[in-house]
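Structure first, commentary second.
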Amino acid sequence: MKFAIVLLALFAVALAAPADVSIVKSNSDVGPESFKYDWETSDGQSAQAAGQLKNIGSENEAISVQGSYKFVADDGVTYEVTYIADENGFQPQGAHLPVAPEA
């Protein structure tokens, strides 16, 4: 169920784009223990992700997701973020994102 909610939310974002933007690619595969999707719009936005349940049936069951998204900002620059989201939280990386200093 969580997979379907995430997938539908992402498609809703893509569909909320201005009327002159169209979806040029949209693929998804949702299973009971994993999912993957990718989409792209005519204005340069795109996203892809794959997730899988870890430690199935245990007290530490969790979902692990790896993905990326790309968009063109108001300043005309294309930004891309890759990420991992798992039991350690959301961990984004991108050339435009600040990096925390080492302790």
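How large a share of the accessible area of the stretch 45-103, in percent, is made up of carbon and sulfur atoms when the probe is 1.4 Å and the other protein chains stay in place?
Using a 1.4 Å probe with all protein chains present, the stretch 45-103 comes out at 49 percent carbon and sulfur.
Quick one: if you stick a label point 7 Å off each Cα along the C-beta vector at V24 and V77, how many nm between them?
If labels sit at V24 and V77, their model points lie 2.3 nm apart.
What is the spin-label model distance, in nm, from Q93 to S34 if the labels are put 7 Å beyond Cα along the C-beta direction?
Going by the 7 Å Cα→Cβ label model, 2.2 nm.
Would you check the accessible area of S22, probe 1.4 Å, heavy atoms only, in square angstrom rounded to 10?
The accessible area of S22 comes to roughly 60 Å².
Keeping all protein chains in position, work out how much accessible area E40 exposes to a 1.4 Å probe, and write it in Å² to the nearest 10.
Estimated to the nearest 10 Å², E40 gives 70 Å².
Quick check: with the 1.4 Å probe, what order do F71, F90 take by accessible area, largest first?
In descending accessible area the options line up as F90, F71.
Could you order D43, D29, D74 by accessible surface area, starting with the largest, using a probe radius of 1.4 Å?
The most accessible residue leads, giving D74, D29, D43.
For A100 and E59, what is the calculated FRET efficiency with R₀ set at 41 Å and r taken between the beta-carbons, to the nearest 0.05?
0.85
The values are calculated or read from the model by the stated rules, or taken from the named source; none is laboratory data. On a predicted model such as this, the values are computed, not experimentally measured, just so you know. When we count neighbours, we look across all protein chains shown, and the Cβ atoms used for this are built from the backbone with ideal geometry, even at glycine. Surface areas here come from the heavy atoms of the whole protein model, side chains and all, with no ligands, DNA or RNA. Shrake-Rupley method; radii C 1.70, N 1.55, O 1.52, S 1.80 Å.
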